[in-house]
1. Kindly write out, for segment B:48-63 in residue order, the coupling ³J(HN,Hα) from the Karplus curve 6.51 cos²θ - 1.76 cosθ + 1.60 (θ = phi - 60°), rounded to whole Hz, with x marking Gly and Pro.
2. Would you look at the GNM of chain B, springs on alpha carbons closer than 10 Å, and say which of B:53, B:28, B:13 moves the most?
3. Relative to a virtual label point 7 Å from the Cα of residue A:175 in the Cα→beta-carbon direction, which members of segment A:7-44 show backbone nitrogen distances below 11 Å?
4. Given the options B:10, B:41, B:52, identify the residue whose Cα lies farthest towards the positive end of the charge dipole of chain B (+1 on Cβ of Lys, Arg; -1 on Cβ of Asp, Glu).
5. Mind checking the dipole of the protein assembly as shown: about its Cα centre, +1 per Lys or Arg Cβ, -1 per Asp or Glu Cβ, Debye to the nearest 20?
6. How large is the charge dipole for segment A:32-94, taken about the Cα centre, if only the Cβ atoms of Lys, Arg (+1) and Asp, Glu (-1) carry charge, to the nearest 20 debye?
7. Go through A:87, A:46, A:33 and say which Cα lies farthest out towards the positive end of the charge dipole of segment A:32-94; charges sit on Cβ, +1 for Lys and Arg, -1 for Asp and Glu.
8. Could you work out which residue, out of A:177, A:131, A:18, moves most in a Gaussian network model of chain A, that is, has the largest mean-square fluctuation with Cα springs under 10 Å?
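Please treat every number below as a calculation from the coordinates, not as lab data. None of the values given here were measured: they were computed from a predicted structure. As a convention, Cβ positions derive from the backbone with ideal geometry for all residues, glycine included, and neighbour counts pool all protein chains shown.
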Amino acid sequence: MLFQSRHPLESKIGSGSSIRAVDHLEIPRSVAIATVLSHPDETAAVVAGFAAAGDLVMRNVAPGEWLVLSHIERSDSLERRLSGLLTDIADVVDQSEGRVLLRLSGPNVRRILAKGVAIDLDPSAFAIGQSVNLRCGHIAVNFARSGENEFELVVMRSFAESLLEDLLLMGREFDLSYGFSGGLADPD
Amino acid sequence: MASLIHCPHCGIRPKEEFTVRGDASLVRPEPDASDEAWHEYVHIRANPRGRTREHWQHLYGCRRFLVVERDTVTHEVYSVTDGAAAARGGSR
C-alpha cells in the first residue's frame, strides 16, 4: 500500500494568502525533526557529539533533551545518522510526522508574538540561535530565534491548527500573510 | 500567588506555565511505618501562612519538577531549585 505523506495543515492552509505581506508566517512542508534524550550524566558527551556533526540545528527543550531539525535530510536518514552519532549516550526518536514547524518573520514579529508569549523578546535578551520551550496562548511550543527578525515555533501535530489560528489572529493587526514553503514532500 | 517564577532551566516565566504539585517538605515514611504515619503523609496538610516549600512542575517549559520556596503572604519567591538537585543535596 502506498503511504502518502500529508501535511497536518494541508486542508487549513491550501494555497495560503494571495499576497505576501511584510510579516509572513511560513510553514516549511518538509522538515525532519527528531528528539534526543541524553542518558543520565552524558549531557556533555551529547553536546560534544552535536558539535562534531557541525550542521545540525539544535533546539533546547530541557536539561539533557533537545529537538534536532534538518531541512535537507529525510526523517529516516536523520534518525539513523543521530543514532549512529550518539550510540550509548542518548535516545533518538523521529518526530517528523509528530511535530509541525512554523516560521514567523518580518519587522513586527515581536509585537505579534508578545500577544501570546511571556518572555522578553528584545534582541539583547533573546539572542539569535537561542531556544526554549514556552507557552504560546494555551499551547506548549518549542520557540527559537532563527534570525534577526525571525522566529521558529515547533508544535505538536494535533495542536498545529489551533496554533495557526492563534498566530493569524495575533497577526491580523499587521495583515500577517501565510503559506507553505518548499516543494511537495516525496510521495513514497 | 507569586506571579513570576525564575526557572533555573528556562528563565523568568509567568506562573501560568507551572502546576503546583504540593508540599515539598514532606518526607516519605518507611514502608513498614505505622498507619498513623502513612495517614499523616498521604492526607494531612497544613495551610501555612508565610514561608513554604512546594513542588512546582514547569509543565509548559522544561517539564522538570522544581522546589519553590515562597511566601504565601507577601508572594515573595525566595528560591527555585531543580527538584532532582534538591533531592540529591538532601536539603529536605
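1. Per-residue couplings from phi come out as x, 9, x, 6, 9, 10, 9, 8, 10, 10, 7, 5, 8, x, 7, 6 Hz.
2. The residue that fluctuates most here is B:28.
3. Those under the cut-off are A:19-23.
4. In chain B, that residue is B:10.
5. Details: 30 positive and 39 negative charges, 125 e Å.
Around 600 debye, computed over the protein assembly as shown.
6. Numbers: 4 positive and 10 negative charges, 42 e Å.
I would put it at about 200 debye.
7. Farthest towards the positive end: A:33.
8. Checking each option, the largest mean-square fluctuation is seen for A:18.
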